[in-house]
Structures are given as C-alpha cells and as structure tokens.
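The values are calculated or read from the model by the stated rules, or taken from the named source; none is laboratory data. Source: prediction; values computed, not measured. Every residue, glycine as well, gets a Cβ built from its backbone with ideal geometry; the counts of neighbours run over all protein chains shown.
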Amino acid sequence: MAFKDVDRYTFYAGQPQPTAESSGHFESIDPSNGESTCKIYNSSPKSIDAAIQSAQSAFPSWSSTPPVERARILQRAVALLRKHNDALARVETIDTGKPFSETSTVDIVTGADVLEYFANLVGSGGLNGESFRLRPDAMVYTSKEPLGVCAGIGAWNYPIQIALWKSAPCLAAGNCMVYKPSEFTPLHAEYLAGLYREAGVPDGVFNVVYGAGDVGAYLTKHPTIAKVSFTGQISTGKKVAGAAAGEMKYVTMELGGKSPLVVLPDAAVDQAVDVAMMANFYSTGQVCTNGTRVFVPRAMKTSFERVLVEKMKYVRAGDLFNPATNFGPLSSRVHKDKVISYIKHGVASDKATLLCGGPEPPTGLPAALRDGYWVRPTVFTDCTDDMAIVKDEIFGPVMAILAYDAVDEAVGRANATDMGLAAGVVGRDVDACHGVVARLQAGIAWVNTWGESPAEMAVGGWKQSGVGVENGRKGLESWVRNKSTLVEMGGSVATVFSKL
Ligand code: NDP
C-alpha cells in the first residue's frame, strides 16, 4: 500500500469512489504549518446511502462467517498495521500535529493492540452464549448476535486509534461499519480501509464517508443504521444520542471531561508533578481524560509549583519529526483560537495566577512552523472552583492548580461537576489512594500514573461524560444483542387450551 496524500473520496465496495456524488470538498490542513495536504470530497446523501448499502450487502456473509475465521482475517490486519506503523504514524503526525515520537509509539501501536485483543477474544469463544437446564425437560440457551450496519463517528484527537477502538469490536462481532472521521483529521480512514481489505476483510464490511456534522447527522438518523458509536463533545453527543434514541438505535457515547487529579499529602512531589504533567501536556492537552483540575495540599503547593516550573523545560515544541520533540501544535486554527481565548479569560476575567505559559505565541520555533497552530503549555495557580478555566473542558495544554486543606474537601470538590470521565490519585499510602478512588465519581481512574488505556481495560464516562464503554470484555458486549431461546423437551405443551 502506498501512503500518499492523495485526495479522498467516499470509500465503499472495497475502494475509493471518485465518481460518487459529492457535496463540495474541503482541504485537509497540516496543523504544524497551516499548509493544505489534500482535498477531501464531502459525501453527499446519495453517496452515504451507497456506503450503507454496501455494508448491508456485506452483512449476511460477514456475520455468518465463524468468529474464528473473522479473527484470522483481523489478525492479518493487525500484522499489516504493525508492518506499516511508521508510515501510518507519519500520516497521523501530518494530520493531527502530534509529534512523530508519540504517533509512532502510541497511536498505531495501541490501535493494533485493540484489534488483536478483540480478534483473540472472538477467536477464543468470546461470543459464546450460555446454556442451562431450566428443569429436567427444558433448557435455555443464549446467543450473542451482531447488530447489523453500525456507524462510527470519530473525534480528531486520536484519529486512527478511535477508528480502531470502534471498528475492531464492531467487525469482530460480525457487524459492518460506516465510519466518519472528523473533518479535521480524515487522512487515516482510507488507509485503514485499504489495510482491512488487504488483510481479507470482504468488500463492504468497512466503509468511509467524509464531511462535517451534517454527514454524521445523516448517518445517525439513517433507518438502516443499527448502532451509533460516537466520540466527541458532550453537546454533540446529546444531539447524536437524541437522534439515535428516536429510532431505538443502540448507542455508545465517549464524551468530554474535566477530570480531577488529587495529590494526597504523603505524595512524593516529584512523582505528583510527573503525573500532573502527563495528565495535562501529553498530546498537547488534547486528551479527553486529561486531569486538568490538579488538587494539591496547601502545605505542598509551593514545592509542587517549584518542581513543576523546573520540569516545564522538558516540554519541547519543534519539528514534529525530530525525535526530541514531545509537544506539537493544536489540531486546527479554530481550536487554537478557542484555547487561547480560555487562557486570556483565565488571566483577565478569572484572575488566576499565571505560573507558566500564557496567550502569547511560543518563541523559538523554526521559521517554517510559525504559521502552525502552536500555543504555550500553560499553568494557572491559585485557582478556585468557580473559574471558567476550572469548570469548562478546554481540551488544550492548560493546567489549573487548586489548593485544598482536607482530603474530604478535595474529594467533594473533585466530584462537583456534571462530568465524570476520569480521575486520579497520587500518594505513597496505596490504601489511602484506593479509599479516595472509591469516592471519586468517574468511569476511569488511575493511581500513581495517568493515561494508560490498554485494550483489556474497559473505559467509559460517568454522568455527562458518556454512555457505555469501549475496550475490555464489556466493550464487545456493546456490539451484540442477546437472544435467549427456551427449548421444551418433554413432548407435551403446557397449554391452557387443552379442554373445554
Ligand atoms: P465534536 O463533537 O465536535 O465532533 C465529533 C464528531 O462528530 C466529528 O466527526 C464531527 O464532525 C461529528 N459531528 C458533529 N456534529 C454532528 C451531528 N450533529 N451528528 C453526528 N455527528 C456530528 O468533537 P471534537 O471532534 O471536537 O472532539 C473533541 C471532543 O471529543 C472533546 O470533548 C473530547 O473530550 C471528546 N473525546 C472523548 C473521548 C472519550 O473516549 N470519552 C476520546 C476523545 C475525544 P466534524 O468535526 O467533522 O464536523
């Protein structure tokens, strides 16, 4: 497979469809320098219908392929993903602005791991139901049936990883998918479709449509779509879930967060700072689970800030293909404007203390990168719970330090939000850490670390942060529906209609 930045067209029936109807096009932009990489043709309703039709035609055969055979095909796709790791990572770097040091070690690697996990799971009985003797002459058996044609709608922060987190369990369970990447990061989708095809996934099982929210909305409402798996903002998720509920479709919603990190009084300051930096500056802060509200004991605040300021020099922006670079630009101009407006709000309206960074453009970047969407990694301190920078999901590299006096108080403040995606605790006394984790309202929690999300670990948000989970055994369950069958073996039917 050649990895060229060629123009993108709706992909169905196993190939890009340049002659399919499109409703205009947009440019895909490299966020490190603001330059166009290629044209993306928006899928028109007619082309989306054709992609859904392609999936529907493929469904009877794919869903009746034995799970172990599907697993073998998907394992070949895993091998191809790993073989092309660096080429795909280059694409993700150009599309998202994430440093190659990150995309080449995380994005494709973890996506392939998830595909391998679900292939292994269905290949080793993960789709088996249960059976039991109800009484001596009757039994019940259950089966896990695929749902049909499913829609995957992705956000722009982990494009190929999100595509794999959705398509891996979807396809492994015997469903077909029509996938819409974010218009900001569409490049991976055609490569993934091509790799699936090369691995032996039949034509029509994985299809791609392109465009903005209207394309996602059309997919969501389409009567043939049985399930919508969505990753994105809470406000969009509410629209998508509402539209899907109106048609009784299954949904999985992976939405935003404003997650707390609670540093306990016995924590090692150095370790706490490392966790806080990973929870705020990895992927330039564009991670749904980021721990942006950092609760620090008042007595530790000065030393925490001193070590943090010292370590901020390890955040290195620059040429994205330089192995030393670990901090990229934001993914789009519109997102950069949003993040900078929050930083300005933090200074001017919230009146938090600016410890590092700020709204000015970063200095020291190579001239070729000056038109990219770069911001400074920023830390505010002396924050209070009512500030906009503390309450709203900024989705950028903006940390808020909140001092506390008692652990119970920190837990209460950490939970005082409508969101509940992730939470974390740092401390030396692991029993105390578990005690705090147990009281934090979040679907994902970390103790003395931040951000690792292996294939085996089911992840999903509480409260407004989502519905359902992805990954782990539970992640497979959300791509199947249950059928329970009761078998009577006694020869006579219990009927009330046997006599006058
Ligand atoms: P958006 O909600 O803006 O968009 C997500 C996807 O939905 C995009 O493909 C978008 O299209 C599409 N879309 C927009 N409107 C509609 C609609 N009415 N119907 C159907 N689809 C629609 O999110 P972002 O792309 O800005 O992603 C960032 C958000 O994602 C953050 O809030 C982050 O927390 C969250 N996120 C959550 C994760 C989780 O696992 N919980 C993981 C990663 C991110 P387009 O953008 O092309 O217009």
Quickly run through the stretch 225-239 and pick out the residues that are near the ligand (Cβ under 6 Å from one of its atoms), in contact with a strand residue (DSSP E or B) (Cβ under 8 Å, 6 or more places away or on another chain) and either part of a helix (DSSP H, G or I) or basic (K, R) (or both).
T236
For G490, state whether it is more than 16 Å from the ligand (Cβ to nearest atom) and either closer than 20 Å to Y158 by Cβ or at pLDDT below 95 (or both).
yes
Pairs under 7 Å by beta carbon, first residue among the β-branched types (V, I, T) in the stretch 228-245, partner more than 6 Å from the ligand (Cβ to nearest atom) and not in a helix (DSSP H, G or I), six or more apart or different chains?
V228/A151; V228/K249; V228/V251; I234/Q464; V240/V228; V240/F230
Any residue that is among the hydrophobic types (A, V, I, L, M, F, W, C) and surrounded by fewer than 14 Cβ atoms within 10 Å (Cβ to Cβ) - is there at least one of those in the stretch 313-323?
no
I'm checking my understanding of the structure. Among residues of the stretch 159-179 that are touching a residue at least 40 places away in the same chain (Cβ under 8 Å) and part of a strand (DSSP E or B), which one is farthest from the ligand (Cβ to nearest atom)?
C176
Within the stretch 106-114, can one find any residue that is more than 16 Å from the ligand (Cβ to nearest atom), of a type in the set (V, I, T), outside the structural domain of S283 (by TED's automatic domain parsing) and buried (at least 24 other Cβ atoms within 10 Å of the Cβ)?
yes
Restrict the check to the stretch 326-349 and report whether at least one residue is at pLDDT 95 or above, outside any helix (DSSP H, G or I) and among the charged types (D, E, K, R).
no
Please enumerate the residues belonging to the stretch 391-409 that are touching a helix residue (DSSP H, G or I) at 6+ places or on another chain (Cβ under 9 Å), under 13 Å from K258 (Cα atoms) and not in a strand (DSSP E or B).
D392, E393, I394, F395, G396, P397
Give the residues of the stretch 478-488 that are crowded, with 18+ Cβ neighbours inside 10 Å and either of a type outside the set (S, T, Y) or assigned to a helix (DSSP H, G or I) (or both), sorted by residue number.
W479, V480
Can you pull out the residues in the stretch 453-470 that are within 14 Å of the ligand (Cβ to nearest atom), charged (D, E, K, R) and surrounded by fewer than 19 Cβ atoms within 10 Å (Cβ to Cβ)?
K463
Does G443 satisfy the condition of being of a type in the set (G, A, S), within 16 Å of the ligand (Cβ to nearest atom) and in the same structural domain as A279 (by TED's automatic domain parsing)?
yes
Kindly check whether there is at least one residue in the stretch 315-322 that is without any contact (Cβ under 8 Å) to a residue 12 or more places away in the chain and within 13 Å of the ligand (Cβ to nearest atom).
no
Counting just the residues of the stretch 206-224 that are more than 10 Å from the ligand (Cβ to nearest atom) and under 20 Å from the mean Cα position of the chain (by Cα), which one comes out surrounded by the most Cβ atoms within 10 Å (Cβ to Cβ)?
F206
Flagged in the stretch 248-277 as part of a loop (DSSP other than H, G, I, E, B), closer than 22 Å to R413 by Cβ and within 16 Å of the ligand (Cβ to nearest atom), in numbering order, are L255, G256, G257, K258, S259
Would you confirm whether or not the stretch 289-304 contains a residue that is polar (S, T, N, Q) and within 9 Å of the ligand (Cβ to nearest atom)?
yes
Residues of the stretch 315-342 being hydroxyl-bearing (S, T, Y) and farther than 14 Å from L365 by Cα, which ones?
S331, S332, S341, Y342
Kindly evaluate G152 against the criterion of being assigned by TED's automatic domain parsing to the domain that holds R70 and surrounded by fewer than 24 Cβ atoms within 10 Å (Cβ to Cβ).
no
Residues Y191, Y282: which one is at pLDDT 95 or above and either assigned to a strand (DSSP E or B) or within 16 Å of the ligand (Cβ to nearest atom) (or both)?
Y282
Restricting the stretch 350-364 to residues that are at positive phi and of a type in the set (G, A, S), the one modelled with the lowest pLDDT turns out to be G364
May I ask you to verify whether F304 is closer than 25 Å to S104 by Cα, modelled with pLDDT of 95 or more, outside the structural domain of K98 (by TED's automatic domain parsing) and touching a helix residue (DSSP H, G or I) at 6+ places or on another chain (Cβ under 8 Å)?
no
Give me the pairs: first residue in the stretch 461-479 and free of Cβ contacts under 8 Å to residues at least 40 places away in the same chain and within 21 Å of N290 (Cβ to Cβ), second residue more than 13 Å from the ligand (Cβ to nearest atom) and basic (K, R), beta-carbon distance under 8 Å, and six or more apart or on different chains, which are they?
none
Tell me the residue from T363, T384 that is among the polar types (S, T, N, Q), touching a Leu at 6+ places or on another chain (Cβ under 9 Å), part of a loop (DSSP other than H, G, I, E, B) and not assigned by TED's automatic domain parsing to the domain that holds T96, please.
T384
